[in-house]
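Here is the structure we will look at, set down as structure tokens.
The values are calculated or read from the model by the stated rules, or taken from the named source; none is laboratory data. Given the structure is predicted, the values throughout are model-derived calculations rather than measurements. As a convention, Cβ positions derive from the backbone with ideal geometry for all residues, glycine included, and neighbour counts pool all protein chains shown.
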Amino acid sequence: MKKHKGKIQMGIVIGIFSVIIIACLISIFSRLYAENKETEEFRQLAEIVTEETTDATIEETIKKPHLLKVSDSDNEVQTGQPVYYTTYYQPHSVSDLLSINSECFGWISIAGTNINYPVMHTPSNPQKYLNKNFYGEYSYSGTPFLDARCSSDNTNLIIYGHHMNNGTMFADLCNYIEYSYFSEYPTVVLETKDGAFAYSVFSVMKVKSDDDWYRFTTVGTEKSYNSRIEYAKEKSIYDTGITPVYGQQILTLSTCYGYNQDDRILVLAVRN
């Protein structure tokens with residue numbers, strides 16, 4: 001009798017564990033299916049709004065920082081000459097995006113990476129697109145969005161995006177911890193209704209979600225601006241050789257990093 005009861009209890013335990021395992025597997029596969037579906041939706045959207053041209057370019061002027069020139073007679077500080085080069089990108093029709101969803105701010109892309117998405121902006125509902133797709137439907141991936149405090153003429157435009165395990169959204173930002181990755185993908189392109197603009201990465205920082213940089217959206221004086229830039233350069237994982245100057249707009253891309261909930265990686269770029 002006791003043996004019989006023991007078998008029944010064991011059967012119940014096995015049954016419970018089996019149900020849990022099956023439920024977990026269903027949840028995992030459901031999420032994978034949803035993420036792949038969302039990736040395909042963004043691909044289709046990109047197809048709809050991509051303009052038919054293969055030679056879109058942005059002329060950039062990169063201002064190098066002051067360089068220390070050592071001579072036989074003395075030490076003198078000399079300003080490096082600007083470096084000019086052309087950035088190629090795939091243009092998107094922002095007017096078409098706005099006609100589909102007026103809450104769209106523009107399109108962000110880093111050629112050669114998975115970062116190629118619309119950017120949303122909802123000042124009255126700051127995190128609306130944290131878990132919504134471009135069409136306003138529920139989404140695991142969400143859609144990159146501009147900080148609610150920002151507008152196109154702010155000193156620092158902060159754009160947030162999820163770090164998805166399948167490598168989509170802003171997951172590729174984490175690759176910038178390697179200097180070689182920065183060297184290969186140094187330019188971010190932001191397209192808005194005002195035009196297409198190239199931003200050169202000048203700092204990559206590992207921070208907490210409450211880092212002081214998130215409180216920087218605009219400055220009034222050159223001293224304040226330079227103080228912010230100095231902070232970003234000091235905290236950067238490596239030296240990019242680029243130092244923004246007062247008046248240049250900053251673009252901040254933010255995503256989760258590592259296993260702690262409040263860890264973030266910031267890729268900062270300056271408009272040329």
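Anything in segment 172-219 that is closer than 24 Å to Pro91 by Cα, among the polar types (S, T, N, Q) and out of contact with any helix residue (DSSP H, G or I) (no Cβ under 8 Å at 6 or more places or on another chain)? List them, or say none. The answer is Ser183, Thr187, Ser200.
Looking at Asn156, Asn125 in this structure, which one is polar (S, T, N, Q), at pLDDT 95 or above and surrounded by 18 or more Cβ atoms within 10 Å (Cβ to Cβ)? Steps first, answer last, please.
Values: Asn125 fails: surrounded by 18 or more Cβ atoms within 10 Å (Cβ to Cβ).
When all the criteria are applied, what remains is Asn156.
In segment 161-185, the residues that are free of Cβ contacts under 8 Å to residues at least 60 places away in the same chain form Cβ pairs under 7 Å with partners that are in a loop (DSSP other than H, G, I, E, B), at six or more places apart or across chains, as follows: Gly167/Asn114; Tyr179/Tyr238; Phe182/Thr240. Filtered by the rule that a residue be touching a helix residue (DSSP H, G or I) at 6+ places or on another chain (Cβ under 8 Å) and part of a loop (DSSP other than H, G, I, E, B), segment 148-160 gives a lone residue, Thr155. The number of residues in segment 81-131 that are touching a helix residue (DSSP H, G or I) at 6+ places or on another chain (Cβ under 6 Å), of a type outside the set (A, V, I, L, M) and part of a helix (DSSP H, G or I) comes to 1. Beta carbons closer than 9 Å, at least 6 apart along the sequence or on distinct chains, pair a first residue in segment 215-227 that is among the hydrophobic types (A, V, I, L, M, F, W, C) with a second that is part of a loop (DSSP other than H, G, I, E, B) for Phe216/Thr155; Val219/Thr155; Val219/Tyr246. Of the residues examined, Val188 is one that is crowded, with 21+ Cβ neighbours inside 10 Å and either in contact (Cβ under 8 Å) with a residue 60 or more places away in the chain or under 12 Å from the mean Cα position of the chain (by Cα) (or both).
If I filter segment 229-243 down to residues being touching a residue at least 12 places away in the same chain (Cβ under 8 Å) and not β-branched (Val, Ile, Thr), which single residue comes out as surrounded by the most Cβ atoms within 10 Å (Cβ to Cβ)? Filtering segment 229-243 for residues that are touching a residue at least 12 places away in the same chain (Cβ under 8 Å) and not β-branched (Val, Ile, Thr), the one surrounded by the most Cβ atoms within 10 Å (Cβ to Cβ) comes out as Ala232.
Working carefully through the options Tyr199, Tyr246, Tyr225, find the one that is surrounded by 13 or more Cβ atoms within 10 Å (Cβ to Cβ), in a loop (DSSP other than H, G, I, E, B) and at pLDDT 95 or above. Lay out the reasoning, then the answer.
On the way: Tyr199 fails: in a loop (DSSP other than H, G, I, E, B); Tyr225 fails: in a loop (DSSP other than H, G, I, E, B).
Within the list Tyr199, Tyr246, Tyr225, the selection yields Tyr246.
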